[in-house]
1. Under a point-charge model restricted to the Cβ atoms of Lys and Arg (+1) and Asp and Glu (-1), what is the dipole moment magnitude of the stretch 60-186 relative to its Cα centre, in debye to the nearest 20?
2. Given 0.36 nm per residue, what is the gain on full extension from PHE63 to LEU95 after removing their alpha carbon distance, in nm?
3. What percent antiparallel are the DSSP beta bridges of the stretch 54-183, to the nearest 5?
4. Let me know the whole percent of all Cα-Cα pairs from the stretch 54-183 that are separated by more than 21 Å.
5. Which order do the peptides 168-179, 59-70 come out in when sorted by mean C-beta neighbours inside 10 angstrom, highest first?
Amino acid sequence: MKLLSVFLFFIMLQSCSDKKSETKASGITSEVAMKENLQIEKENFDTKRVVSLNFEELEKNYFQKKNDSIYIINFWATWCKPCVKELPAFEKLTLNFSDKKVKVLLVSLDFPDKIDSQVIPFIKKNKINSEVVLLDDPDANSWIPKVSEEWSGAIPATVIYKNDNRKFYEQSFTFEELETELKKFL
């Protein structure tokens with residue numbers, strides 16, 4: 001029985017070494033395969049970055065936090081020029097306040113079928129590092145007033161909150177304006 005185990009181990013070891021020599025013999029093919037695998041992994045990573053949520057999930061996971069962090073939730077879309085114009089301010093805020101407990105969430109209001117064709121390419125092209133989710137809830141008449149009674153539904157729109165201290169903004173921001181509002185919560 002021990003001899004059979006040793007024999008099987010030797011065969012497995014030999015089969016592994018054969019695969020390694022095949023890989024070395026076809027180094028270019030192996031390198032191409034590795035690059036393709038890395039590309040697939042990168043695409044999977046980017047796809048995972050944009051989670052599609054309905055409003056109930058968004059509210060539960062992002063609007064009801066009770067801790068010492070400040071949350072900045074911005075509603076935007078790739079087709080909204082004022083939204084796109086202000087996104088660098090949110091990115092700069094994420095970078096400048098990385099040592100503070102400030103969390104930025106960008107909630108895309110693009111159509112759900114546009115995640116792969118518009119949202120993810122937009123994120124890549126503009127090097128968006130903030131967390132991005134896509135709101136997939138067609139009943140805007142029910143969830144808009146839950147975000148804020150003041151909200152007409154126009155974007156860009158932003159909520160800044162810490163625990164029960166909450167402020168809503170239906171406007172575009174420059175970095176300086178956004179930083180000023182954030183400092184009221186620090």
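1. 440 debye
2. Using 0.36 nm per residue and subtracting the Cα-Cα distance, I get 9.3 nm.
3. Restricted to the stretch 54-183, the bridges split so that about 50 percent are antiparallel.
4. Everything past 21 Å amounts to 36 percent.
5. Highest to lowest by the protection proxy: 168-179, 59-70.
None of the figures in this text is laboratory data; all of them are computed from the coordinates on show. None of the values given here were measured: they were computed from a predicted structure. Virtual Cβ from ideal backbone geometry, glycine too; neighbours counted across all protein chains shown.
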